[in-house]
Amino acid sequence: MKESLFTVIFNLLITTIIFAGCECNGNEKNETSDTEEKNDEGYVNPVVRRSLPDPSVVKAEDGYFYLFATEDIRNIPIHRSQNLVDWEFVGTAFTQETRPDFEPNGGLWAPDINIIDGRYVLYYSMSVWGGEWTCGIGVATSDLPEGPYTDHGKLFRSNEIGVQNSIDPFFMEEDGKKYLFWGSFHGIYAIELSDDGLKLKPGAQKRQVAGTAYEGTYIHKRNGYYYLFASVGSCCEGINSTYTTVVGRADKLFGPYHDKEGNSMMDNHHEVLISGNSRFVGTGHNSEIVQDDEGADWIFYHAVDKTNPEGRVLMLHRVIWEDDWPKIIIEGIPGTTLQPKPSFRKK
């Protein structure tokens, strides 16, 4: 009897250690699902209960969606899904040997994943907490969405580009030109990149497009408008986090961006898109908008779950458009009510 109990406890301990090693070390592949509860009719937020802050998502050539996040799982975790709801951890962008090192002891934050000229290009922030003049943005590439990624080093640091707290990159291509947007509570800026997206274009000058209330920029083009999504408030104070997702609109990529009343985002005016509720707070740093097979738009962001406030979990919501403005409708009791899943045809 004692030997049997010991064996059971020993096996459980080994299983726990193996799982924790895959999650924390960031150098192993783990094909198990991160979605704890599945339902064919719908889903309940969070779609991933692990901490996956600052999500960025891309649809790859293999038909999967790949999601990248700030390295609460070290070396930038990568998850994949076929339906935006059921996610599995497939590895990390870097290993201890290949991770960027231009900011000693820095963390890898707020990745932005893209497909540029047929390869996967990953922009990332590297910073130590409070290092607002030494932090910067770098870039890495891979032939496969799951990596491995080859680091090409930094594009710039705050003290080189003259913008305090240069983090939170976002890439966008417009009229054949490639641009990087970035910034965190000291203005949102943009600058043109080289044709391959791996360097600043020689002679390019930065330009400011939004004020000092924002970070986590994402720009979405729809029906002739440009929508600048961003986050305001505090991201990282647990259940006291005030992070809120906001948006403004413009007729041109570089603005001016305004709220519904015509007030400028340069003066920190905006529309609130996602805010805290009875279950989730710190609702910010949204991903790209993703469209399902029925034409519905979906967006990810992170939040702190009041019932289990460790980390920032992954949230998913449908984006509704009213009078050419985005809107999020949260029905029922947050974190409990079943929501309709994105629609994807089986292939």
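The values are calculated or read from the model by the stated rules, or taken from the named source; none is laboratory data. Remember, predicted model here, so these are calculated numbers, not experimental data. Cβ: placed from backbone, ideal geometry, glycine included. Neighbour counts: every protein chain shown. Note: accessible area is taken over every heavy atom of the protein model, side chains too, but ligands, DNA and RNA are not part of it. Shrake-Rupley method; radii C 1.70, N 1.55, O 1.52, S 1.80 Å.
Here are the numbers:
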quantity	calculated
Total residues in the stretch 240-278, condition open to solvent by 40 Å² or more (accessible area, probe 1.4 Å), touching a residue at least 40 places away in the same chain (Cβ under 8 Å) and among the aliphatic types (A, V, I, L, M)	1
Counted residues, the stretch 147-184 - those being among the acidic types (Asp, Glu), in contact with an Asp or Glu (Cβ under 9 Å, 6 or more places away or on another chain) and either free of Cβ contacts under 8 Å to residues at least 12 places away in the same chain or at negative phi (or both)	1
Test: residue in the stretch 112-126 that is open to solvent by 10 Å² or more (accessible area, probe 1.4 Å) and touching a Phe, Trp or Tyr at 6+ places or on another chain (Cβ under 7 Å)	yes
Near pairs, Cβ below 8 angstrom, 6+ apart or cross-chain, from the stretch 93-117 (on the phi > 0 side of the Ramachandran plot and part of a strand (DSSP E or B)) to any residue that is open to solvent by less than 70 Å² (accessible area, probe 1.4 Å) and charged (D, E, K, R)	110/54; 110/168
Conditions (1) open to solvent by 10 Å² or more (accessible area, probe 1.4 Å); (2) assigned to a strand (DSSP E or B); (3) not hydroxyl-bearing (Ser, Thr, Tyr); number of the one not met by residue 54	(2)
Residue in the stretch 316-323 that is open to solvent by 60 Å² or more (accessible area, probe 1.4 Å) and without any contact (Cβ under 8 Å) to a residue 12 or more places away in the chain present	yes
Strands (runs of 3 or more DSSP E) (entirely within the stretch 139-212) containing at least 2 residues that are open to solvent by 50 Å² or more (accessible area, probe 1.4 Å) and under 20 Å from residue 101 (Cα atoms)	150-157
Residue list for the stretch 59-86, restricted to those being open to solvent by 10 Å² or more (accessible area, probe 1.4 Å) and in contact with a helix residue (DSSP H, G or I) (Cβ under 8 Å, 6 or more places away or on another chain)	74
Residue check for residue 281: touching a Gly at 6+ places or on another chain (Cβ under 9 Å), in a strand (DSSP E or B), at pLDDT 95 or above and within 25 Å of residue 86 (Cβ to Cβ)	no
Selection within the stretch 67-87 - touching a His at 6+ places or on another chain (Cβ under 7 Å) and more than 12 Å from residue 122 (Cα to Cα)	87
Every pair of residues 6+ apart whose Cβ atoms lie under 7 Å, when the first sits in the stretch 47-68 and is on the phi > 0 side of the Ramachandran plot while the second is open to solvent by less than 20 Å² (accessible area, probe 1.4 Å)	54/69; 54/70; 54/110; 54/216; 54/285; 54/302
